[in-house]
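This report concerns only the one structure given below.
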Amino acid sequence: MAKPTFRTESDILRLPVPTDRAIVEYWHDRQKGFGVRVARAHSRTRAVKRTYVVRLPEGSAKDKDNLGLVGELTFDAAWDLVREKRAEAKRDGPGTRRKPTVQEAFDAYMAARAFRHAPATVTDYKNKMKRLASLTHGANDVSIADLRVDSLDSTFWEQVHIRIREGYGRVMADAVCRLVKFVYQRLVELGELERNPVIALNKLGISKRGKPKKTAILPADLPEVWTWMHTYAHPAVRDFMRVELFMGLRDAVVQRLRWENVDMVNRTYFLPDDEPGNKSKIDLVVPIPDYLMEHVFVPRYAARVDGMPWVIPSNKREGDPLVSVKGSLTTMCAATGIETSPHDYRRTFGTAAELAVGSLLRVARLMAHNTAASGDEFSVTAGYISTTDEQLREDINKTAAIILKHATQVIEKPETNGHLSMHERNKLKRKAEAIAYRKKRVARNTELLKIRMAKAAAGDPETA
């Protein structure tokens, strides 16, 4: 007996539902490659799922591909998709595989490599991909993420780097291109591409991982930073910076400070082993210095809103925590010429802690480092030394005293007779660069706002 075929959607609804197997395929009796998959009825609801399917020419990347559910996708639209996909496969030629888009290649990379990365790294990679996908290319404004990887060369990625650098800064541009390089390298390793076009940009200093900074805020600059924090910064930004400065916590930890982990009686903060930013991977109880309790935690606890879990809520997004002060640090650089990153405050804390306690092991424990992470002699010795909570609290208060001593000293400008030191000249240069960058960002955001308002006025549903 011949297998049933179909010509219309009504015929599809009358096709036999399998009982002895999970899925059966039926094909159009005239249109080549146009089919339907009918699944066995659901055991509880008895619902039957029917899916349009296309059979691709021999030599394609896949034998068949699903198009959409019958009912959700019209019959005519399904047939149009069949013709489109078969024509695209023929253009690729027999025996060749269709190359993935940038988004598809990234998704495959994450599926294969995500287990090697911490959850925070996975989230960071996905956010960088969203940044790349927001850029469009060509007259039809096609997202870069939807372009095929084999159609993009080194010159294209250099232009992408320039666009991201102008909009979001050099660090973001390097990071995005470095991620794209990883994605391409996997395709090369699998034999799907012959070369990685992003590697060629290394000669231009693009996509290379920069050497890690080891700079802390200089004692001579700390009073200016302190004055700016308490004069111009938003209270949420100021407290975020103070927590980083006086506790030495990583940025990812400060972003997620929650009241449920604050012990207001014993003046400690509980850091779970799975908290992003807790690289020691063990539960930690971190003492809160007296200065920080008095000036940040106690006032914020008294003013907290019921149901708000965050110690430092965002000043822009209601209900969310404050997750970044990088924009504020750029503003500070434009005012003072002092360029800092969130991690510089952690380094400043570590430097002050070494001065205050004079023991690298106790500094490591104050900074939540894993002293058993390596097999060296230091880590072995650390396993035999016990540090009490009282000692840690004494150490962190001594560290806070050192920081306050430098931060609150009077800013004195020595008489130079018109001559500037190298440090002051560098500050002026960084100040000018920060001002220029902020002006460029303001101009770019103004232009984007105008475009969005014009689309809204034209009735664009995406911006209405």
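General remarks:
- Backbone N under 13 Å from the Lys440 label point (7 Å along Cα→Cβ), restricted to segment 139-168: 161-168
- Using alpha-carbon coordinates, inclination of helix 342-357 to the longest axis of the chain, degrees: 40
- Cα→Cβ-extended label distance, 7 Å offset, between Glu189 and His369, nm: 3.0
- Cross-link partners of Lys203 among aspartates and glutamates (Cα-Cα below 17 Å; sequence separation of 8 or more within a chain): Asp153, Glu158, Asp174
- Ranking Pro272, Pro289, Val254 by how far each Cα lies toward the positive end of the dipole of segment 240-317 (charges on Cβ) leaves Val254 at the top.
- The chain: calculated mean residue ellipticity at 222 nm from DSSP helix runs of at least 4, using -39500 (n - 2.57): -14500 deg cm²/dmol
- In terms of packing, defined here as the mean over residues of other Cβ atoms within 10 angstrom, the peptides 21-30, 325-334 line up highest first as 325-334, 21-30.
- As a proxy for reagent exposure, Tyr125, Tyr345, Tyr168 were ordered by neighbouring Cβ count within 10 angstrom, fewest first; the result is Tyr168, Tyr125, Tyr345.
- Taking a straight Cα-Cα cut-off under 16 Å and skipping sequence neighbours fewer than 8 places away in the same chain, the aspartates and glutamates within cross-link reach of Lys316 are Asp239.
- Charges were assigned to the Cβ only: +1 to each Lys and Arg, -1 to each Asp and Glu. The resulting dipole of the chain about its Cα centre is roughly 1420 debye.
- Extending 7 Å from the Cα toward the beta-carbon at both Asp320 and Leu73 defines two label points whose distance is 3.5 nm.
- Phi to ³J(HN,Hα) by Karplus 6.51 cos²θ - 1.76 cosθ + 1.60 over segment 102-116, Hz, x for Gly, Pro: 4, 5, 5, 5, 5, 4, 5, 4, 5, 5, 8, 10, 4, 5, 7
- The chain: translational diffusion in µm²/s, Stokes-Einstein, Kirkwood Rh over Cα pairs, 37 °C, 0.692 mPa s: 120
- Spherically averaged projected area of the convex hull of Cα atoms, segment 1-103: 8.3 nm².
- Order of Ile162, Ile312 - criterion: other Cβ atoms within 10 Å of each residue's Cβ, fewest first: Ile162, Ile312
- For Asp274 and Glu394, the difference between the fully extended length at 0.36 nm per residue and the C-alpha to C-alpha distance is 40.5 nm.
- Contour minus Cα-Cα distance for Arg83 and Thr121 (0.36 nm per residue): 9.6 nm
- Residue among His137, Val102, Asn127 farthest towards the positive dipole end of segment 93-173, charges placed on Cβ: Asn127
- Residue among Tyr52, Thr399, Tyr437 farthest towards the positive dipole end of the chain, charges placed on Cβ: Tyr52
- Here's the list of lysines a cross-link from Lys49 could span, going by alpha-carbon distance under 25 Å and ignoring same-chain residues fewer than 8 apart: Lys3, Lys32, Lys62, Lys64, Lys85.
- Segment Ile23-Ala454, length gained on full extension (0.36 nm per residue, minus Cα span): 150.2 nm
Each reported figure results from applying straightforward, stated rules to the coordinates on display, with no laboratory input. Note that the structure is a prediction, hence the values are computed from the model and not measured. Quick reminder, even Gly has a Cβ in these numbers, built from the backbone with ideal geometry, and neighbours come from all protein chains shown.
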